[in-house]
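The values are calculated or read from the model by the stated rules, or taken from the named source; none is laboratory data. Note that the coordinates shown come from a computational prediction; the quantities given were computed from them, not determined experimentally. Note that each Cβ is placed from the backbone with ideal geometry, even for glycine, and that neighbours are counted across all protein chains shown. Remember, those area values only see protein heavy atoms, side chains included, never the ligands or the DNA or RNA. Shrake-Rupley method; radii C 1.70, N 1.55, O 1.52, S 1.80 Å.
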Amino acid sequence: MTAISVLASVATIAVSLSQLSIITVLRRAQRTRSNVPILQFQVSLLSSVLWTKYGLIRKDDTVLLVNILGTLISIYVLLCFWWYSINARYVETRSLVTLVCALLMIAYVDHSSDPWAEDAFGLACCLVTLLFLGSPLSQIGNVIHLQDASVLLPSVALLAFFNNLLWSLYGHLHNDAFMLFPNAIGSVLCAVQLGLIAYYGRAAANLPLTATIKPDDGDGVESVPMTEIST
């Protein structure tokens, strides 16, 4: 493994492990009968599974190993969502949809006779990566409206920024456009998050978690921002 491979692997593992800090929020949300947004962690699982398959296709041990670990961590996090959630059926449904999507895409690349199937799969990996990196920015309206970036996590955004820079360089060195371009764009998305955090600050992150929060998207449970993850 080259120095870039090692650094990129370490950065990816750090980003994956940083997701475990959500468990503290889940415990607090259970006591207040609130719901923590799950989308980012669903997409994390989908991304890790697809990139694991991509590593197998390209016979790239670096990509394969870090994403196997990422898959295991994502599964554990979703199990924690299920365990602590007051609406376990909601978590089960969202997790099942995620796994079905992953299996369908893997089945397509395994059984398709289309010569462009692997390229199409690589493009799918790119799009899922961008969805994962951009998912925190779904809160950008609230950040600007409230002038408070507490829903964005500085440590995760900073780790992801350097992680994407390293994988962009890795993709460049290996002439792999599917690794180069989404990670380059991902670096920009992470930089936007860091800019919002620097500009608006995170005042609400120091306040106690309460249940008087804006309703979630139709599952009948209130949602809370992820402000109590240690950063």
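Annotations for the structure displayed:
- Within this structure, A11 fails the test of being open to solvent by less than 10 Å² (accessible area, probe 1.4 Å), of a type in the set (G, A, S) and part of a helix (DSSP H, G or I).
- Evaluation of V43 against the conditions (1) within 20 Å of L158 (Cβ to Cβ); (2) touching a residue at least 12 places away in the same chain (Cβ under 8 Å); (3) surrounded by fewer than 20 Cβ atoms within 10 Å (Cβ to Cβ) shows that the sole unmet condition is (3).
- Which numbered condition L146 misses (of (1) at pLDDT 85 or above; (2) open to solvent by 80 Å² or more (accessible area, probe 1.4 Å); (3) of a type outside the set (S, T, Y)): (1)
- Residue tally, condition open to solvent by 20 Å² or more (accessible area, probe 1.4 Å) and of a type outside the set (D, E, K, R), over the range 24-40: 6
- Residue in the range 125-141 that is open to solvent by less than 70 Å² (accessible area, probe 1.4 Å), free of Cβ contacts under 8 Å to residues at least 24 places away in the same chain and closer than 22 Å to V188 by Cβ present: yes
- Residue check for G186: under 29 Å from K59 (Cα atoms) and surrounded by 20 or more Cβ atoms within 10 Å (Cβ to Cβ): yes
- Any pair with Cβ under 7 angstrom, 6 or more apart, that starts in the range 89-114 at a residue that is more than 16 Å from Q42 (Cα to Cα) and ends at one that is surrounded by 14 or more Cβ atoms within 10 Å (Cβ to Cβ) and small (G, A, S): Y108/A117; V109/A117
- Search result, residues across the range 110-123 that are open to solvent by 20 Å² or more (accessible area, probe 1.4 Å) and part of a helix (DSSP H, G or I): D110, H111, E118, D119, A120, L123
- With respect to (1) open to solvent by 10 Å² or more (accessible area, probe 1.4 Å); (2) closer than 30 Å to A117 by Cα; (3) not polar (S, T, N, Q), the lone exception for W83 is condition (2).
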